[in-house]
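The values are calculated or read from the model by the stated rules, or taken from the named source; none is laboratory data. Keep in mind it's a predicted model, so treat the numbers as computed, not measured. Quick reminder, even Gly has a Cβ in these numbers, built from the backbone with ideal geometry, and neighbours come from all protein chains shown. Accessible surface is based on the protein model in full, side chains and every heavy atom, while ligands, DNA and RNA are left aside. Shrake-Rupley method; radii C 1.70, N 1.55, O 1.52, S 1.80 Å.
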Amino acid sequence: MKKFNIRKVLDGLKEASSSAPSVQVGPQENHLIQESIQSEHFQLCKTVRHGFPYQPSSMAFDPVQKILAIGTQSGALRLFGRPGVECYCQHESGAAVIQLQFLINEGALVSALADDSVHLWNLRQKRPAILHSLKFSKERITYCHLPFQSKWLYIGTERGNIHIVNVESFTLSGYVIMWNKAIELSSKAHPGPVVHISDNPMDEGKLVIGFESGIVVMWDLKSKKADYRYTYDEAIHSVAWHHEGKQFICSHSDGTLTIWNIRGQGKPIQTITPHGKQPKDGKKPEPCKPILKVEYKTTRNGEPFMILSGGLSYDTVGRRPCLTVMHGKSTAVLEMDYPIVDFLTLCETPYPNDFQEPYAVVVLLEKDLVVIDLAQNGYPIFENPYPLTIHESPVTCCEYFADCPVDLIPALYSVGSRQKRQGYSKKEWPISGGNWGQGTQNDTDFIIMLQVLYKLKTAKVFDRNRSKEDKGSTDMSDEDPFAIQIMAWCPESRMLCVAGVSANVIIYRFSKLEVTTEVVQLLEVRMQYELNDIESPDGGGGGGDTTPAIPTPGASPQTSGPPSHPSTGSNNSDGGNMPCLKVRSTPLKQSPGYQVDLVVQLVWVSGEPPQQITSMVLNSSYGLVVFGNSNGLAVVDYIQKTVVLNLGTVELYGSNDPYQRQPRSPRKTRQPSGGLCDINEGSATSEDRCKSPTSGNMSFNRTVGQKKREEIVVIFIRSRSSSVTSIDKEAREAISSFHFCETFARKGDSTLTHCLHVGTTLGTVLALSLTLPPAGEQRQLQPVIISPTGMLVRLKGSISRMAVLDSTGSLLPPAYEPWYEPNITTDGEEREKVRKRRPVSVSPSTSQDLNENQYAVVCSEKQAKVIALPSQTCIYKHSITETSFILRADVVQMSQGLCMACFCANGHIMTLSLPGLRPLMDVNYLPLTDMRIARTFCFTNLGQAMYLCSPTEIQRITYSQDTCENLQEMLGELFTPVETPEAPNRGFFKGLFGGGAQSLDREELFGELSSGKASRSLAQHIPGPGGLEGMKGAASGVVGDLARARIALDERGQKLGELEDRTAGMMASADSFSKHAHEVTETCFEGSKSGERSSCFTLHVKARTP
């Protein structure tokens, strides 16, 4: 037995519900539809993340696998391969990633974090996992270095010490380089943190250690002492080697570069200030900004490259960050749009002791990733194939569309390709590692890949030239005046409608032809409905014995009424100097793509700014755009460029308003602002607006002039509260949602009519009946007639989503018009044939009976109801949440059937069956941490959803069991078996005289037998989820087995080759000794035969071969 509280029903704040989660009303209509969708069809998981890594902090590149890794300040890890191969990982601690090091061509990555932890990632699986972690407790990590083809990781600390870690077992070695042994014994000052570690390219036993204070030490690993020390007055930021290992270069805090010989400890052989002014008197150049990083790369057939970031002169105020490329005698300064975080030079060889042959530079900026081609003149950049420009301007809203028409994406790509800038490098994108997934689903590419097809800038419609007073007033707003608030898009007709925060609506058509619009068509609308305060029903208007000036029908909106509202450049007491938008009056050249068709601007009313638009919907079949705010709603016919309806929210109720509200009547005289006519200002005597719901049907048709326009002044208001909790907010009941449909307009109807359902913030759903003229020429001339038909249903909380199902439970989508080229020049009959509206597939009205009804699905921020039509009885009801509220709800089509997906403010994602409203899934996924998630979260068909997880990144998720099961196959592979390039040939003479690279047995030097055990209190080893043998055993499938077998063969062949070389060397040495002994013996024997006194001896040599 249901219990009703009359007061709460009238207040519209609460509605009693039964104890059961779902209530069925009308037993004769129960179980009419067999629902096939079940709870086992749902599973929630993340799929992929797109966009630029938010707040990047470090970068690394594998030159053999050609994989790029980027770490962020929030502990995130993004890995990029060829376009379509991306991966996102997250460190649990959330600490900033300060450095990344690839185990080159081994499918592993080492990450060092700001919380003094080091992690080993396994990249040989589609979802990388941590194999080992090492947490330092006594020292802060400042720098890491992992030599090529070495399993020993050098870790420098803030105290100036260097520890060594075995990356296979992730255990510390007992070998430690202490700072007090590295510097001069006579020096008492601490050298500062370790800022650089690297081994000599030609001698692995020599380690260069750079301290922040300016001291560089050449450390001999075998003798455990410093061979050389190099001292400079300025702090060091980075060190780079010449590949021959005889010289190295340092970058300093005063903007200088110093070049040192390894055997010369005194002064640098050369000091360079790349951006410093050279005084004529030979004095030291003026100091510049620090050179944060320098790289020195050699070429076999040309001059070396010296690449650096920073170092600009201090007098270059306002100059953008630069990357400097010095090649021979030429110096190129490449300006960047954002500060440089890090850069890496991509080279042909991974071996540091060979000519590097650089071909590109990857520059990581704070908000962009740039790759520069070093091989072409002018250093052009590569065209970035990743969708990293989502944040080009701050994202304010998102919509997600699945199952788009097949010709839509090619059309967008065709017009979008013309927007691309010219001058890119002609070479292929150098970050090309990994392989695409081998998924079996048809939509694999759509799920995994994301590509920017087209960009549209709505600000071009408006005039940006504002006075100084106006520019200063924009500080009052938290948002850009051009920011987009709501989007409505019809993929079939390609119509696009955009609502901005400045209370404007822009309607776009898609065209493949370029046009020049002489005058942008503008429709100015006044929306305001005033109510007395609840506490003072008599009103504070003070009189009201006159009525507003009413223009005659057909009068121009720009000329009716005195132009009393001044422009924004002047001072006035009503509006003040507020930010405004003015539609441009000059011709607008519109490129192929989306072209503005109509601009609708809400204007000031009696010195008060228009309210922000809270909801909007577009229907291409009807040619209508509907938008609403806290004052009411307006229906715009974009074909005739007229306002069809402009009603206050209370007027939609008519005499059946359940709330006790008293409008001010009559209103005192107020002059229209900006010389505009009074369009439906709430006066019952107006002949130019629709009558009230009890007064019959009447059309609104007005010719819009294209004369001189006044500027429209707007201010910004905070968004309404998502939950109406006090009775005084009834006076500001806002429109929260719309839905076009063809259904039964009134209770008991037997025929279908075009309808518009309107949802409000107080939980009411109202119905409007539409009468459309026939398609063709009559559609251009005859008016659209709209009449309110009353209230359909009421729910608890603001209405968020509405839909209509047919008698079988299938979704009835709104009608649409197929796309046609709006700028064609064919004859009228042919054009009208193209524009013929597509009929809506619903049950024929002539065969409607009791068994062929419809179901209206309504979801509010608290509950959901299913209403049978035309009886208008509630057959299902479900209370979704009591303690929270719904942020987003959508009716989505799954492969198994129809359902409703909801995202709650407490982080829960829920799905309900339709029309039965059975709970199918409830997962506590993501707590609402900021309004960005609430503003951008959206569902779409096939179990997909997305939201903006950071200002620069889009996170895509799925709640489909089928997609979760096949996701592993859809994801790309980061690691692919690739042969490591051959080591550089030392040459005959270098091999003969020992001039080649000197190897080092690090296992013997750093192992436990020779160096002992490290202190247990220094660092704690934490095994990762990948297990101890994860590095070699985590790869799955035949590819992984082949890769492991190949690696094992390579290792075995390498060891056999080394053994053969040692054997040959020992045999050659034995032969040399044997010959020398034989010569000595013969000399002694000849001396004894000649009778000379001599001492002789016999040398026995045994040549032992293994």
State all residues of segment 110-139 that are open to solvent by less than 30 Å² (accessible area, probe 1.4 Å), touching an Asp or Glu at 6+ places or on another chain (Cβ under 8 Å) and part of a strand (DSSP E or B); if no residue qualifies, say none.
Phe136
What is the one condition in (1) modelled with pLDDT under 95; (2) part of a strand (DSSP E or B) that Arg319 does not satisfy?
(2)
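Step by step: first the residues of segment 141-157, then only those that are open to solvent by 20 Å² or more (accessible area, probe 1.4 Å) and modelled with pLDDT of 95 or more, then the one that is nearest to Gly434 (Cα to Cα). Which residue is that?
His145
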For residues that are open to solvent by 20 Å² or more (accessible area, probe 1.4 Å), of a type in the set (Phe, Trp, Tyr) and within 29 Å of the chain's Cα centre (by Cα), tally how many sit in segment 330-354.
1
Out of all the residues in segment 572-602, which are of a type in the set (Gly, Ala, Ser) and modelled with pLDDT of 90 or more?
Ser591, Gly593
What number of residues within segment 366-405 satisfy the criterion of being in contact with a helix residue (DSSP H, G or I) (Cβ under 8 Å, 6 or more places away or on another chain) and open to solvent by 20 Å² or more (accessible area, probe 1.4 Å)?
3
Could you check segment 631-654 and list, in sequence order, the residues that are touching a helix residue (DSSP H, G or I) at 6+ places or on another chain (Cβ under 8 Å), surrounded by fewer than 24 Cβ atoms within 10 Å (Cβ to Cβ) and over 17 Å from Cys490 (Cα atoms)?
Gln640
When restricted to Leu79, Leu68, the only residue under 23 Å from Val362 (Cβ atoms), in contact with a Lys or Arg (Cβ under 9 Å, 6 or more places away or on another chain) and either of a type in the set (Val, Ile, Thr) or open to solvent by less than 20 Å² (accessible area, probe 1.4 Å) (or both) is Leu68
Those residues of segment 480-513 which are in contact with an Asp or Glu (Cβ under 8 Å, 6 or more places away or on another chain) and open to solvent by 20 Å² or more (accessible area, probe 1.4 Å) amount to Met487, Trp489, Glu492, Arg509, Lys512, Leu513
When segment 169-204 is examined, which residues are found to be in contact with a Pro (Cβ under 8 Å, 6 or more places away or on another chain) and in a helix (DSSP H, G or I)?
Trp179, Ala182
Could you please tell me which pairs satisfy a Cβ distance under 7 Å, a separation of 6+ or placement on different chains, a first residue in segment 327-338 that is over 14 Å from Glu303 (Cα atoms) and touching a residue at least 24 places away in the same chain (Cβ under 8 Å), and a second residue that is open to solvent by 50 Å² or more (accessible area, probe 1.4 Å) and assigned to a loop (DSSP other than H, G, I, E, B)?
Met336/Arg320; Asp337/Arg320; Tyr338/Glu366; Tyr338/Lys367
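I want to confirm something. Restricting to segment 1002-1029 and keeping residues that are hydrophobic (A, V, I, L, M, F, W, C) and either open to solvent by less than 90 Å² (accessible area, probe 1.4 Å) or on the phi > 0 side of the Ramachandran plot (or both), which single residue is modelled with the lowest pLDDT?
The qualifying residue modelled with the lowest pLDDT is Ala1014.
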Taking Gln528 and the conditions (1) at pLDDT below 90; (2) among the polar types (S, T, N, Q); (3) open to solvent by 40 Å² or more (accessible area, probe 1.4 Å), which numbered condition does it fall short on, given that it satisfies the others?
(3)
Apart from one, (1) of a type in the set (S, T, N, Q); (2) surrounded by fewer than 18 Cβ atoms within 10 Å (Cβ to Cβ); (3) modelled with pLDDT of 95 or more all hold for Thr929; the odd one out is (3)
Inside segment 301-329, can you point out the residues that are over 20 Å from Cys250 (Cα atoms), open to solvent by 60 Å² or more (accessible area, probe 1.4 Å) and not β-branched (Val, Ile, Thr)?
Asn301, Tyr314, Asp315, Gly318, Arg319, Arg320
Name the residue, out of Leu917, Leu887, Leu942, that is under 20 Å from Phe42 (Cα atoms), open to solvent by 10 Å² or more (accessible area, probe 1.4 Å) and either hydrophobic (A, V, I, L, M, F, W, C) or not in a loop (DSSP other than H, G, I, E, B) (or both).
Leu942
Ala868 - would you say it is outside any loop (DSSP other than H, G, I, E, B), of a type in the set (A, V, I, L, M), at pLDDT below 95 and open to solvent by less than 20 Å² (accessible area, probe 1.4 Å)?
yes
The lone exception for Leu257 - which of (1) more than 30 Å from Asn985 (Cα to Cα); (2) aliphatic (A, V, I, L, M); (3) surrounded by fewer than 19 Cβ atoms within 10 Å (Cβ to Cβ) it fails:
(3)
Being open to solvent by 40 Å² or more (accessible area, probe 1.4 Å), in a loop (DSSP other than H, G, I, E, B) and at pLDDT below 90, is that true of even one residue in segment 751-770?
no
What residue, among those in segment 771-797 that are part of a strand (DSSP E or B) and hydrophobic (A, V, I, L, M, F, W, C), is nearest to Ala864 (Cα to Cα)?
Val793
If you take the residues in segment 95-109 that are open to solvent by 20 Å² or more (accessible area, probe 1.4 Å) and β-branched (Val, Ile, Thr), which one is nearest to Asn435 (Cα to Cα)?
Ile104
Please verify whether segment 205-212 includes one or more residues that are in contact with a strand residue (DSSP E or B) (Cβ under 8 Å, 6 or more places away or on another chain), open to solvent by 40 Å² or more (accessible area, probe 1.4 Å), part of a loop (DSSP other than H, G, I, E, B) and over 18 Å from Ala1019 (Cβ atoms).
yes
Inspect all residues belonging to segment 861-879 and state whether any of them is under 31 Å from the mean Cα position of the chain (by Cα) and of a type outside the set (D, E, K, R).
no
Identify the single condition in (1) at pLDDT 90 or above; (2) touching a helix residue (DSSP H, G or I) at 6+ places or on another chain (Cβ under 7 Å); (3) open to solvent by less than 10 Å² (accessible area, probe 1.4 Å) that Gln961 does not satisfy, given that it satisfies every other one.
(3)
Quick check: is even one residue across segment 243-250 open to solvent by 10 Å² or more (accessible area, probe 1.4 Å), among the polar types (S, T, N, Q) and more than 23 Å from Ala1014 (Cβ to Cβ)?
yes
